[in-house]
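Here is the structure we will look at.
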Amino acid sequence: MSALRALGRAGLSFFERLGRGHIFLLYTLGGLPATLYRWRLLTSQVFALGVLSLVIIAVSGLFVGMVLGLQGYNTLVDFGAEESLGILLALSLVRELGPVVSALLFAGRAGSALTAEIGLMKTTEQLAAMEMMAVDPLHRVVAPRLLAGILAMPLLAAIFSAVGVYGGYFVGVGLLGVDEGAFWSQMQSAVDFHDDILNGVIKSFVFGIAVTWIAVFEGYDTAPTSAGISRATTRTVVNSSLAVLGLDFVLTALMFD
Amino acid sequence: MMHSKWIETIVGAFVALGLGALLVLTLRISNLSLAGFGADSTYEIRAMFDNIGGLKVRSPVKMAGVTVGRVNAIEFDSKSYTAVAIIQIDKQYTQIPTDTGANVYTAGLLGEQYISLAPGGSEEFLKGGDVITDTQSAVVFEQVIGQFLYGKAAESGGDKDSKE
C-alpha cells in the first residue's frame, strides 16, 4: 500500500515538474524579443556557451572522424570497397554522430555550467534581488542563455561534422592510401543536401533547445542549498543526455524512413 | 568596454566558423554543387526505356565515363508502357548528336546504376525537350540467369535427341 503511494507521489511530482518546466519555458520565450534588443547579453552568453565549447567539440570531432576512418577502412578493405569510406564517414557524421555527440558534449561542457551558474544565483538570492528591483530574472538571466544555447548548438554540430570528415580524410587518404578523388566523389554523390545535411542541422537545433531548456530549468528549479546545486547539475547532464538520445531515435525515425 | 568588444569579435569569429563549417558540409560533402545548376544552366532531355532496373532519381548520366548530367525524374508512360527518364544535362555539353543512344549500366558488379550516353553520328544536336528513343534496358540479373539456365537445358535436351 505504501509502495503504491510512493509510486503515486513520484508520478505526481514528475508531472508537476514537467508542467513547471513548460510554464517556465513559456515565460522565458516571452523574454526573447527583449533579448534581441539587448544583444550584448546574448553575445556574452554565446561566448560562454559556444566559443568556450569549441575546443572540446573540435578535438572530439577530429578523433571521432579519425577512428571512423580507421575502423571503416579495416572493414571495407575486405570487400575491396575502401573507396566507400567517404560515404561511411560523411553520412554517419552528418546524420548521427555530429548532432548527437556534440549535443552530449555540449550538455556536459555548457549545460552543467549553466545549471550551476543559475542555481548559485538562486541560492545566493541574486534572482530574488532582481525581482525586488522589478527586473524579471526569466527575461534578464534565463532568456539570453536559452537563446545562446539554441544558436550555438547547430554551429558546434556543423564544426564537429566538418572537422570529423577531415579527420577521416587524413587517416583514410593520408595514412591508409584511399584514392583521394574516389573518396570525395563517392561522398558527394551519396550525401544529399536536403535529406542529410539539412536534417542533421534540424536535429542539432532540436537538441540545442532540449539541452539548454533542461539546463536552465534545472538551475532555476534547484533546491537553494549546495547539495541542491550539485543534484541539479547531475540531473542536467543525465536528463539532457537521455533526452538527446531519445529525441535522436524519434527524429531519425521521422526523417530517414 | 574594451572587454565586451573583444568578446563580440570572438563571438563573430565563432559564428563565422560555424557557418563556414556548414558551407564546407554543403559544398564539399554533399552534391548540392551539381544539383544547384537549377534550370538556368541545364537543359532537359527525355529517354524512353523498356526497363530502367534500379535507376534512381539523381543517378548520374555519363558520356565516356564523364558525368554530364543527372536523372531529374522518372515517370511511367501509360500509353507505350515504357519508363521515361527525364535527364538534366549541363549546358556546357550542348553538342550531343540527335541519334545518341542511352543505356542503363551498372557501376561494378553491385554498384549503383547510371545512364550511359553513346554519341551517334548525326550533325544535329539534341535540344531541350528532345527524346532519345534508341535505348537499351537495364540488365536484370534474374533474366540473365533465367536465359542462361534455359539455354543450358535446351542444350542438354538437344544432345539427348541426337543420341537417340
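Scan segment A:65-76 and give yes if some residue there is aromatic (Phe, Trp, Tyr), at pLDDT 90 or above, open to solvent by less than 50 Å² (accessible area, probe 1.4 Å) and more than 22 Å from the chain's Cα centre (by Cα), otherwise no. Within segment A:65-76, one or more residues are aromatic (Phe, Trp, Tyr), at pLDDT 90 or above, open to solvent by less than 50 Å² (accessible area, probe 1.4 Å) and more than 22 Å from the chain's Cα centre (by Cα).
Taking segment A:126-176 as the range and being in contact (Cβ under 8 Å) with a residue 40 or more places away in the chain, assigned to a helix (DSSP H, G or I) and charged (D, E, K, R) as the test, the residues that pass are A:Arg140, A:Arg145. Just so you know, in segment A:43-64 the residues that are open to solvent by less than 30 Å² (accessible area, probe 1.4 Å) and β-branched (Val, Ile, Thr) include one that is nearest to the chain's Cα centre (by Cα), and it is A:Ile57.
Answer yes or no as to whether A:Gly228 is within 17 Å of A:Glu117 (Cβ to Cβ) and in a helix (DSSP H, G or I). Taking the combined requirement at face value, the residue satisfies it. Just so you know, in segment A:78-105 the residues that are without any contact (Cβ under 8 Å) to a residue 40 or more places away in the chain and part of a helix (DSSP H, G or I) include one that is farthest from the other protein chains (Cβ to nearest Cβ), and it is A:Asp78. The residues in segment A:58-76 that are β-branched (Val, Ile, Thr) and out of contact with any Gly (no Cβ under 9 Å at 6 or more places or on another chain) can be counted, and the count is 2.
If you go through segment B:64-115 and keep only what is among the polar types (S, T, N, Q), in a loop (DSSP other than H, G, I, E, B) and within 17 Å of B:Gly129 (Cα to Cα), you end up with B:Gln92, B:Thr94, B:Gln95, B:Thr98, B:Thr100. The number of residues in segment B:116-153 that are more than 20 Å from B:Thr82 (Cα to Cα), in a loop (DSSP other than H, G, I, E, B) and open to solvent by 40 Å² or more (accessible area, probe 1.4 Å) comes to 6.
A:Ile209 satisfies every condition listed in (1) assigned to a helix (DSSP H, G or I); (2) surrounded by fewer than 19 Cβ atoms within 10 Å (Cβ to Cβ); (3) modelled with pLDDT under 90 except (3).
Please name all residue pairs, on different chains or six or more residues apart, with Cβ atoms under 6 Å, provided the first residue is in segment A:242-257 and is more than 15 Å from A:Ser102 (Cα to Cα) and the second residue is among the charged types (D, E, K, R) and surrounded by 11 or more Cβ atoms within 10 Å (Cβ to Cβ). Qualifying pairs under 6 Å: A:Leu251/A:Lys203. Across segment A:212-225, the qualifying residues are those that are within 15 Å of A:Leu114 (Cβ to Cβ) and hydrophobic (A, V, I, L, M, F, W, C), and the one among them that is most open to solvent (accessible area, probe 1.4 Å) is A:Trp213.
Taking the numbered list (1) within 14 Å of chain B (Cβ to nearest Cβ); (2) open to solvent by 10 Å² or more (accessible area, probe 1.4 Å); (3) under 16 Å from the mean Cα position of the chain (by Cα) in turn, A:Ala113 passes all entries but (1). Note on segment A:32-64: residues that are of a type in the set (A, V, I, L, M, F, W, C), at the interface with chain B (Cβ under 10 Å from one of its Cβ atoms) and free of Cβ contacts under 8 Å to residues at least 60 places away in the same chain amount to 4. Looking at A:Ala162, is it under 26 Å from B:Val66 (Cβ atoms), within 14 Å of chain B (Cβ to nearest Cβ) and among the small types (Gly, Ala, Ser)? Answer is no for this residue. Within segment A:2-14, being open to solvent by 60 Å² or more (accessible area, probe 1.4 Å) and within 16 Å of A:Arg235 (Cα to Cα) holds for one residue alone: A:Phe14.
Looking across segment A:170-206 at every residue that is farther than 17 Å from A:Ala81 by Cβ, away from chain B (no Cβ under 12 Å) and of a type in the set (Val, Ile, Thr), the one that is least open to solvent (accessible area, probe 1.4 Å) is identified as A:Val206.
The values are calculated or read from the model by the stated rules, or taken from the named source; none is laboratory data. Computed from a predicted structure; not experimentally measured. Backbone-built Cβ (ideal geometry, glycine too); neighbour counts: all protein chains shown. Quick note on the areas: whole protein, heavy atoms, side chains included, nothing else; ligands and nucleic acids left out. Shrake-Rupley method; radii C 1.70, N 1.55, O 1.52, S 1.80 Å.
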